[in-house]
Every structure is written in structure tokens, then in C-alpha cells.
Amino acid sequence: MKGGWHGQTCLSVQEGEEKYFQVKERMDNTRADDYIIEVSGVTKSFGNIEALRGIDLRIKKGEFLTIFGPNGAGKTTLINILSNLMKPSSGTVSIGGINLNDGGDAVRRDIGVISHNTYLYNNLTPYENIRFYGKIYGVDNLEERVHNVIEQVGLKGRMYDQVGTFSRGMQQRLSLARALIHNPSVIFLDEPYTGLDQHAAHLLKVLLNRFHTDENRTTVMTTHNIERGLEMCDQVAIQVRGKILYKETLSKIDRDNFEEIYFAVCKANNQ
Amino acid sequence: MRFLKDIWAIVQKDIVSELRTREIFSSMFIFALLVIIIFIFAIDLSEVRGIDVAPGILWVAFIFSGTIGLNRSFLFEKENNCLEGLLLSPMDRSAIYFGKMLGNLIFMIVMEAFTLPIFIIFFNVSISGRILPLILIIFLSTLGFVLLGTLLSSMSASVKTRDIMLPVLLYPLIVPVIIAAVKSTGVLLEGKSLEGVMHWLKLIIVFDIIFLAVSFMTFDYIVEE
Amino acid sequence: MNLSETGKEGVSRFLGWLTFVMVLVALIFIFLYAPTEKEEGVVQRIMYFHIPSAWLAFFAFFVVFITSILFLLNKDRKWDIIAHSSAEIGVIFCSLTLITGPIWGKSIWGAWWVWDARLTLTLILWLIYVAYLMLRTHTNEGSQRARYAAVLGIVGFFGVILNHFSVLWWRTFHPKPKMLDMKGIGSGLDPSMIVTLMVSLTAFTLLYFLLMGQRILLEKMRDEVEEIKKRL
């Protein structure tokens, strides 16, 4: 089992964690045309307020899906449900064939989330921060891996300074290292470009490109920025008011016309 | 096993952070000291027997400065939304609770260990021969305070008025522990044995068990929508 | 308006009239039927308000506990509304208890307040549920508010139980002043006094359900207004 996963450091399989073993094995064995993420009939509501009104999505292994939508469309709620931070009010989500309601803990180990929150402790150094997250994800060869990812985001020289003293851009780069320490095979990005500086945005692009083209990881990104969103994806979807109203393979549509489609879909639903 | 490792990772992280800044300890300790000194000025010890008021003052100092520590400790999880980062990880949600709770317990016990000798000197009380029972009472009461305090501070930390919200929520509920702790500390300081106050000790233990169970069962609902 | 709503309206109107009549009957019983207590005098009549409001406060907070559990189990906004309404009404009855008690106490005990176990417990009860309402107002609207409140509704209930024992022992293990003796309130009452108390209890209980119905309706309307606002 060891070492066969993306050809990189493999996560440890702890004793008695059959569930995780199962997830990982299924993810590894997923054929390219199998669906790795299956969302069916997901709603999220409280009282009369509905954030999601029936989402159905199927994403194949290695696909890069970008979900566009105006503010308040429920994109963040969808990402939160996919990453198991929230439970749907109804409907099911399964990742790698495991329903998040039963096997959430195990599935989370294979998910990486990048959002505008850095999730970093200001009083700790990059080394301590990344090492802490590595520990709670149960990463093997922790020391080596920590040094490795911090080097990847270009912060090796500042490894032992307090994160609180860093610039916003450096913290964001470090947060990429945090999201990748456990080498996830599924990556969720929630408005990742919001507030990124040039350097961090470039780094994010390079990393995402590598995951997508070289390492065949599955990626779901939400954004309202059309230009950024179209850069790397191969699937596009438009979410308005808690529903996915449009989903298409990028190669089948005209990139230059997409903006028109987007506004047409948003407008049609706002009336 | 995994569960214990996760708890320990959180405790370790909090300790490393605290050793670097000493933010929590210094504010807790100085505050406890100030409470004791203010009380000494407020109550004229030449007119009142020190031993009559000392246990109450000791616990007011512990509880007040403990509240400061609790508030601080969850604040760290809120900056940069770190709590969400923990929730994204594969660890069990209740490991977060137990990790934070243990960290708070350690900080409070360290504060108490520094405050107690000063208290003994200021009030001129003697604890010789009663050290172990006193430690037992302080530990169990502090545990009860921290068990409930960690649960409530996990809520108050995401409220706009967090500084005032935690005491408002915590103090009415912590009354049983305060009464029990003050009564039994008083008995020990007067040189009597614990036998006369076994019912208080039992009450503290029941409090600890109930809120351990309630926290374990409800923490998930606080952090997960 | 569909049939079930008309039905509900009818029930609430009937409840309103029933409560109105019951409160009138209770007032007649309290001031005209029940005899004046020979030792305590006319001030004893306040007990017919004091005891039912204390009882209802406890009942209302118990409703908060049960509906909080139900809310966490199925996350239905309905339970959150009931818990919130019951907590508000409970705090009102608890305040009534805390106001009527000292009026009686001043003339019988000679002091507005004594740290008797029952009084202390009522005060702590009041503090716990005022904190509950504060937490609600200070938390962001929506699921977070409901979840936090539900957790506190459960924690608060256990807090009340533990507080009960602690204040009981706190006072009982002390020499008890004679004036704190609460005997004479429940025991040795004239049968007509007990009847009056029962009538008053019924009137108060009906009042609780009437207020609950109205409060729940109000909250539902608020939800609807919010939803309409969102849609605009």
C-alpha cells in the first residue's frame, strides 16, 4: 500500500482504521471514468431560509470543476458540505464511495481545503504550524514532509519566525502548505484568489496546474471571477440561489462567450 | 489511540504557543494576585478573622483569573479561523474539546500553584498536614470549572460581546462548585479533616462527571452546522 | 387560509377566552372566597400568585430543556422557536416570583431578602435563563444561534439540578433561623385555600399556554418577514 500514491509520501494507515483504508483504496482504484464525488439532492436550510435547494453533482476522478456564481448563491455552503464542515439538511454526499454522514472522519483525511482563511496560529512558527497540522492528519515521515512543503511555498528561510510577523501574502502561501501537508487527492477551493497578492496567486496557479495535469487530483473551485475561474478548469458550472443551473464541459463551449452565458443564467433566475 | 494523539497534539500546540508568549499565564497570575490584594484592602484583616474570609477570596481569585484564561485560549482558535482548520482535519470533534480543556486545566493549575503560596503568606494560614486533601479539592473543583468553562467559551468566543458573555454564562452555573470548594477549603484551613465535608467532595465529583458527559455529547453541535 | 389554519385560529381564540374567564374566576377566589390567614393577614394572598408563577417558571425551563434536545436531534426550527418562547415566558414568571416573594417576605420575615435555599435557587434560575436570552441576542441569527441556545438549554437544566443540591446544603448545614421556616405555606392550609391555589394554578397554566401560542406565532411571522426581505 505504501508509496504507491501519487508517487509521493504516503499517509500512514493507523491500526483499526479500516474505514480510512477502505476510502484510500477506493480512491486509488477509482478508474478515470468513475465518479469520485457524488452529490445527490443536497439541500441546506434553516427555518424558511434555504442556502441550497437541491444540488446534484457528479465529478470524475482528475476533473477540475469550477463553480461560478454571484455572492449569496450558496457556493461556500456547498464547499462546506463537501468538506464535511456542515451536514446537509437532506440529500447525500459521497466521496470515494463513502457517504460523508457515516465516514466523514476518514474522508476528511483525503481532502484539502483552501479558502481565504489561512487557519494558521499567529504565535507559532511555520514549522510548528505545519507540523501540528501534519500530526492531526496522521502524516508519515513528518519532518521530511514539513520541510518539503514549506520549501515548495518558498518560505524555507522564514521557517522559525512567528507567523504573526509575516505579511498577508506570506501567510497565504504558508496556508497552501497547510492545505497540502497530507497530500490530499481531492482539493476544494473556496474563492481562493480573494485577497491573494501577486506572488501567492502565481504560486497557487502553479500548484493547481501541477495537481491537475501531472498528478491527476480532483479539484473543485468556487469563484465569481470568470477570468481566474476559466484558467485551469475542464468543467464549468453556474450556481444561482442554491441551485446548479448550468453544467458543461469546457471544451464544448466557447470561452469568449462564457461571460454572456453566465450573465444570461444569473439574470434568468433573478426574475 | 489516535484520539489521544490528537488531544495531545492540541495540548502541545497550546503549550508551545504559551511558552513563547506567556500571554495567558502572565495575565492570569497577575490578575489572581490583584484580586487577592484588592480583597485585603476591602476587608480589614485586623477586624475580621483571616480564616473566615480567606477560602472565599482564594476561590474568587481562581475563578476570576480562570475566566480570563478561558477567554484567551479560545480566542487563539478564532483568529484566522483556526477552529475551522481543526474541523477540516480527520480528528474526532470531541478531541478538539478535550485538547482545549486539558490545556486550560494545565494553565489554571500552574496559575494556582503560583498563587497558593502567596495566598498562604498574605493570610497567614497553615496548610501543613492537609496539603494532599487541599490539592485534591483544588484539582477536582478546577476540573469542574474548566470542563464547563471550555464548553461555554467555545460558544462565547464566536459571539460579538465575548468578554462579558463568558462570565454571564458561566458564573450562575458554576455556583455549586464555588460553594463546595469554598466550604471544603475552609474546613481544611481550620485544620479539620475532610470527613465532615465528604458530601461537598461528592457534589464536586458528580458535577465533574455530569458536565464531562454533557460536554462530550453537545460539543459536536456547537462546532458543526 | 386553509382548514388547519382556521382550526388553529379557533383553538387559540377559545384558549384566549378560557384563560380570560379562568383568570377572573381565580381573582374572585383569591380575593373573595379564600379566607384571610389569621397570622399573616392579607399579605398571604400574594401566595396565590407567587406559587403558581414559581411553578410555571420551572415548567417553562423544563420545556426549554426538552425542546433543546429535540432541536439538536432533528434541527427543526420549530423546536428552536418553542424553546426560545418558553425561555422568555419562563423568565417573566421567574421575575414575578422574585418580585412577589420579597413583598410577602418583608411583612412576614421582616426582610426583603434572606438567603434561603429556595430564594437563592430562584435567583440563580433567573440568572441562568437571562444569560440564555442574552446569548440568543448576541449570537448571529440562524443555525448558530439555535444550536448555541439549545446547548445552553441542556447545560442550564443540569446546572439547575446541581444548584438545587448545593444551595440546599449550603443553607441546611447552617443553623437555620426560625423565620426561614417555610412550613405553614403548604401544610395546615384551610381546604378553601388549597382550592383557591388550584384554581389560580390552572389560570396561570392556561396563561402560559396562551402566551406560548402568541409568542410562537410572532416568531413565525418574523421568519416570514425575513424570508420576504431576502427575496426582495
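Contact order, relative form, for the stretch C:49-231: 30 percent (alpha carbon pairs under 8 Å, 6 or more residues apart, mean separation divided by residue count).
Rounded to the nearest 10 degrees, the inclination of helix C:47-74 to the longest alpha-carbon principal axis of chain C is 30 degrees. GNM, chain C, Cα, under 10 Å: largest mean-square fluctuation among C:144, C:44, C:214? Answer for the Gaussian network model of chain C: C:144.
Mean sequence separation of contacting Cα pairs (under 8 Å, at least six apart), scaled by the length of the stretch B:1-67, corresponds to a relative contact order of 41 percent.
Mean sequence separation of contacting Cα pairs (under 8 Å, at least six apart), scaled by the length of chain A, corresponds to a relative contact order of 25 percent. Label positions at residue C:225 and residue B:44, each projected 7 Å from the Cα along the C-beta direction, are separated by 5.8 nm. Where q = 0.17, 0.18, 0.29 Å⁻¹, what log10 of I(q)/I(0) comes from the Debye formula for the stretch C:5-73, counting one point per Cα? With no solvent term, the Cα-only Debye profile gives -0.87, -0.90, -1.10. Accessible area per residue for the protein assembly as shown, computed on protein heavy atoms with a 1.4 Å probe, is 44 Å². With a 10 Å cut-off around each Cβ of B:72-85, the average count of Cβ atoms from other chains is 4. Per residue, the convex hull spanned by the Cα atoms of the stretch B:105-225 amounts to 111 cubic angstrom. Of the trypsin sites (Lys or Arg not before Pro) found in the stretch B:150-214, those that fall in a DSSP loop while having at most 13 other beta-carbon atoms within 10 Å are B:160, B:192. How much net charge surrounds residue A:173 when only other residues with a Cβ under 14 Å from its Cβ are counted (Lys, Arg +1; Asp, Glu -1)? Result for the neighbourhood of residue A:173: +2. Shape analysis of the stretch C:90-176 yields a ratio of the Cα radius of gyration to the Kirkwood radius, Rg/Rh, of 1.08. Report the calculated FRET efficiency for residue A:255 and residue A:92 (r = Cβ-Cβ distance, R0 = 41 Å), to the nearest 0.05. E(calc), rounded to 0.05, equals 0.75. Going by accessible surface with a 1.4 Å probe and the largest first, B:205, B:135, A:261 read B:135, B:205, A:261.
Taken as Cα centroids, the stretch A:206-247 and the stretch A:176-196 sit 13 Å apart, rounded to the nearest whole angstrom. Picking from A:191, A:63, A:227, which is most flexible by a Gaussian network model of chain A using Cα springs under 10 Å? Between A:191, A:63, A:227, it is A:227 that shows the largest mean-square fluctuation. The ratio of the alpha-carbon radius of gyration of the stretch B:2-224 to the globular-protein estimate 2.2 N^0.38 Å is 1.04.
Short to long, the 5 Å bins of the Cα pair-distance histogram for the stretch B:41-105 hold 4, 14, 17, 16, 11, 8, 8, 7, 6, 5, 3, 1 percent of all pairs.
3J(HN,Hα) along the stretch B:180-194: 4, 5, 5, 4, 6, 5, x, 4, 5, 5, 7, x, 8, 8, 6 Hz, from the Karplus curve 6.51 cos²θ - 1.76 cosθ + 1.60 with θ = phi - 60°, whole Hz, x for Gly and Pro.
Quick one: divide the alpha-carbon radius of gyration of the protein assembly as shown by 2.2 N^0.38 Å and tell me what you get. List each step's numbers first, then the result.
Values: Rg = 30.3 Å, N = 728, 2.2 N^0.38 = 26.9 Å.
Against the empirical 2.2 N^0.38 Å value, I get 1.13 for the protein assembly as shown.
Total lysine pairs in the stretch C:49-231 at Cα distances under 23 Å, for residues eight or more apart or on different chains: 10.
For the stretch A:49-173, the alpha-carbon radius of gyration amounts to 1.26 times the rule-of-thumb value 2.2 N^0.38 Å expected for a compact globular protein. For the stretch A:103-249, the Stokes-Einstein estimate of translational diffusion at 10 °C and a viscosity of 1.306 mPa s comes to 99 µm²/s, using the Kirkwood hydrodynamic radius over alpha-carbon pairs. Computed over the stretch A:50-118, the percent of Cα pairs more than 20 Å apart is 29.
Peptides A:180-190, B:124-134, B:213-223 ranked from most to least packed, by the mean per-residue count of other Cβ atoms within 10 Å: A:180-190, B:213-223, B:124-134.
Each principal axis of the Cα cloud of chain A was evaluated for its coordinate range; sorted largest first, these ranges are 54, 42, 40 Å.
Students often check this: by mean Cβ neighbours within 10 Å, which of B:61-71, A:232-242 ranks highest, and how do the rest follow?
Packing order, densest peptide first, comes out as B:61-71, A:232-242.
The values are calculated or read from the model by the stated rules, or taken from the named source; none is laboratory data. Values in this document were obtained by computation on a predicted structure and should not be read as measured data. All Cβ positions, even for glycine, are placed from backbone atoms using ideal geometry, and neighbour counts span all protein chains on display. Areas reflect the complete protein model, heavy atoms only, side chains present, ligands, DNA and RNA absent. Shrake-Rupley method; radii C 1.70, N 1.55, O 1.52, S 1.80 Å.
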